[in-house]
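Input: a single structure, listed below in structure tokens.
The values are calculated or read from the model by the stated rules, or taken from the named source; none is laboratory data. Computed from a predicted model, the values in this text were never measured in an experiment. For neighbour counting, all protein chains shown are included, and Cβ atoms are generated from backbone atoms with ideal geometry for every residue, glycine included.
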Amino acid sequence: MASTRRMTHQRSRPTRVLAAVLLAAVTGLAPGVVATASAAEPTPTTAAPQENRMRDVVPAPVAATPDPKATFRLTRSTRIHTQAGAPAAAEVGAYLAGLLRPATGFDLPVTPVHGRPTGGINLLLTGADARVGQEGYQLDVTDRAVVIRANTRAGLVNGVQTLRQLLPAQVGSATPQRVDWTVPGGHVVDWPRFAERGAMLDVARHFFPVADVKRYIDELALYKINTLHLHLADDQGWRIEITSWPRLASYGGSTQVGGGTGGYYTQEQYRDIVAYAQARNITIIPEIDMPGHTNAALASYPELNCDGVAPPLYTGTEVGFSSLCVPLERTYEFVDDVVREVAALTPGRYLHIGGDEAHSTEEADYRAFMARVLPIVTKYGKVPAGWHEFLKATPPTESRPQYWGTATVDQEVAEAVARGTKVVLSPANKTYLDMKYDENTPLGLKWAGYIEVRDAYDWNPGDYLDGVAEEDVLGVEAPLWSETLTTMDEIEFMAFPRLPAIAELGWSAAASHDWTDFARRLAAQAPRWQAMGINYYRSPQVPWPGQG
Ligand code: NGO
């Protein structure tokens, strides 16, 4: 195994403090205010006028027709009625009530309804517009009732997200607010453009506890994202308990970038995350990156190393220096155990095996490794997902390659697509939420360039990579790598507002793509983020409320 430490990306990691001070000099703000500017600035509390809310939804619905004469009022006596005999509808009803109770202070009892919808909020699994499909919904708001109809639980969850955005912004508050809880009248029919709308969180470079992951899941759900890819293992940390190889987590997860205390999820905690996500129509894709990005595993077990010597734990941010030992039989026993345990924790279709930046693995070894590992994933009932480099090993047609390059041409991706494979698009210069917004951004990296909100939004996934047409795209995913990110506040600062931009590319019809309209709708989300305490970057490209 080669052990050259190589920097593959231009990693600029200016100390955050210095960057903050420099930015402070430019903006005139105190340094501490910079990264979390939104928290310190005056809050524009005025909700958007009711008549606007119907056209302010993110992602933009397929069709929304306001009825200016109708208004529904959520009151102390409102009930949530769910389709009788449908536990899925009852679950979504409970989820909705849980979302609305803190800010309204109302009881909002959830009860089954037989037959026709009655007054109040109705969640029904019958009678939806035929076009809504597996994840879409129909929403009708009259003076008397809100009726959400869908074919599936997923559709009802998505309808609930739209309803939340039709209520005044203060609905996101954690404490009771004195607000006239109106919902503008009208009719919405809506369904997604792509099957997968995803986000990724790197919990390996810095560890984020269960509560943070759940909070991020809630933020994803609001924008109808249905996939959360968790990057669970990398050079700096192993974050998931593997009972047959306990030192992976207990030792390999003990630290993180910068040398601070790391952490890991027990299998019980991980199951809890998976269930929490499932209730919000989000499927978790676990990633165990291999054969590179494996220093934490190699450090935990000497027997995994070609020379039998475990390297030290690693707390830097270089990439491409580690590799599992390809000729060693023990390597495949290890992979079999890990994949078996992770697959057993995964109700979703995919298990991600990484495969990126294997700069310390010879190309022939890489292919040999993948030829052994891909069948293991299949053996345990999962479909392999990987970074697009894994196409070199010709994975099965149904596998899920994830393109993370910065070019618009990729020969291997085009060839895979020609064989019938569908691709997930995560071009690093568009979707990487860890890239800086501009040269003043105190957090993040810049190897793929700066990504302002408009850069994240202004591209077409259905016509982006040569040879990859709309129907070849499984979806889009916005990865958030955590080399420079240590807190939830920092995660939010990088994700908002670019995450909703990627969510809109994944959900909304290509025909509705329009930067000016998107920027206006994004601006209308700000009071919602403030009510929910979500930190965000005040991009100068967005006409935020209260800024003229
Ligand atoms: C690359 C690299 C990761 C880094 C990330 C930082 C992929 C797929 N591999 O993306 O290890 O964390 O860039 O932006």
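Points worth noting:
- Condition check for Met488 on (1) away from the ligand (no atom under 15 Å from the Cβ); (2) more than 24 Å from Glu287 (Cα to Cα); (3) not hydroxyl-bearing (Ser, Thr, Tyr): one failure, at (2).
- Lone unmet requirement of (1) surrounded by fewer than 23 Cβ atoms within 10 Å (Cβ to Cβ); (2) within 16 Å of the ligand (Cβ to nearest atom); (3) of a type outside the set (A, V, I, L, M); (4) in a loop (DSSP other than H, G, I, E, B) for Lys392: (4)
- Checklist (1) crowded, with 24+ Cβ neighbours inside 10 Å; (2) in a loop (DSSP other than H, G, I, E, B) applied to Leu220, failing item: (2)
- Gly546 touching a residue at least 12 places away in the same chain (Cβ under 8 Å) and on the phi > 0 side of the Ramachandran plot: yes
- Positions within the range 397-425 being loosely packed, with under 15 Cβ neighbours inside 10 Å and among the small types (Gly, Ala, Ser), in sequence order: Ala407, Ala418, Gly420
- Residues of the range 417-455 satisfying the condition of being outside any loop (DSSP other than H, G, I, E, B) and within 11 Å of the ligand (Cβ to nearest atom): Ala428, Asn429, Thr431, Met435, Leu445
- Look at the range 384-407: where a residue is within 19 Å of Phe369 (Cβ to Cβ) and a partner is within 14 Å of the ligand (Cβ to nearest atom) and hydroxyl-bearing (Ser, Thr, Tyr), sitting 6+ places away or on another chain with Cβ atoms under 8 Å, you get His388/Tyr403; Gln402/Ser426.
- If only residues of the range 229-247 that are without any contact (Cβ under 8 Å) to a residue 60 or more places away in the chain and more than 16 Å from the ligand (Cβ to nearest atom) are counted, the one that is nearest to Pro61 (Cα to Cα) is Glu241.
- In the range 349-375, the qualifying residues are those that are crowded, with 24+ Cβ neighbours inside 10 Å and not small (Gly, Ala, Ser), and the one that is nearest to Gly320 (Cα to Cα) is Thr361.
- Gly258 of a type in the set (Gly, Ala, Ser) and not in a helix (DSSP H, G or I): no
- Residue in the range 305-325 that is more than 16 Å from the ligand (Cβ to nearest atom), modelled with pLDDT of 95 or more and touching a Phe, Trp or Tyr at 6+ places or on another chain (Cβ under 6 Å) present: no
- Scan of the range 299-326 for residues that are surrounded by 20 or more Cβ atoms within 10 Å (Cβ to Cβ) and not in a loop (DSSP other than H, G, I, E, B), ordered by number: Ala299, Ser300, Leu304
- Among the residues of the range 456-479, those identified as outside any loop (DSSP other than H, G, I, E, B) and small (Gly, Ala, Ser) are Ala456, Ala469, Gly475, Ala478.
- Meets criteria (touching a Gly at 6+ places or on another chain (Cβ under 8 Å) and either part of a helix (DSSP H, G or I) or aromatic (Phe, Trp, Tyr) (or both)) for Ala88: no
- Restricted to the range 337-380, and to residues there that are of a type in the set (Val, Ile, Thr) and not in a loop (DSSP other than H, G, I, E, B), the residue that is nearest to the ligand (Cβ to nearest atom) is Ile353.
- Among the residues of the range 456-483, the one identified as among the aromatic types (Phe, Trp, Tyr) and within 16 Å of the ligand (Cβ to nearest atom) is Trp481.
Residues checked against (1) within 21 Å of the chain's Cα centre (by Cα); (2) surrounded by fewer than 24 Cβ atoms within 10 Å (Cβ to Cβ):
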| site | (1), (2) |
| --- | --- |
| Val257 | no, no |
| Thr261 | no, yes |
| Ala279 | yes, yes |
| Ala297 | no, no |
